[in-house]
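Here the structure comes first, spelled out in structure tokens, and everything after it is commentary.
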Amino acid sequence: MGRRRGVMSDHLKEEIAKELGFYDTVKQEGWGGIRARDAGNMVKRAIQMAEEQMTRGKS
């Protein structure tokens, strides 16, 4: 069975990792090196960004 393709682009993931302060870990160890908490925070931030874009689109 193949790997599941991610929904977020690599660029977006990198930008969020930089914003949240764990991009150095990603650079050194790859995405498998981040903590589950960091991954969860990254998803929360991506959802927040999407909600902000939707709100801006409605006004």
Q) Looking at R5, R56, which is the one that is open to solvent by 100 Å² or more (accessible area, probe 1.4 Å) and outside any loop (DSSP other than H, G, I, E, B)? A) R56
Q) Does any residue in segment 19-48 that is more than 20 Å from R5 (Cα to Cα) and open to solvent by 30 Å² or more (accessible area, probe 1.4 Å) come within less than 7 Å, Cβ to Cβ, of a residue that is in a loop (DSSP other than H, G, I, E, B) and hydrophobic (A, V, I, L, M, F, W, C) six or more places away or on a different chain, and which pairs are these? A) T25/I34
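The values are calculated or read from the model by the stated rules, or taken from the named source; none is laboratory data. Here the structure is a predicted model, which is why all the values come from computation and not from measurement. Heads up, the Cβs are rebuilt from the backbone with ideal geometry, glycines too, and the neighbour counts pull from every protein chain shown. Ligands, DNA and RNA are excluded from the accessible area calculation, which covers all protein heavy atoms including side chains. Shrake-Rupley method; radii C 1.70, N 1.55, O 1.52, S 1.80 Å.
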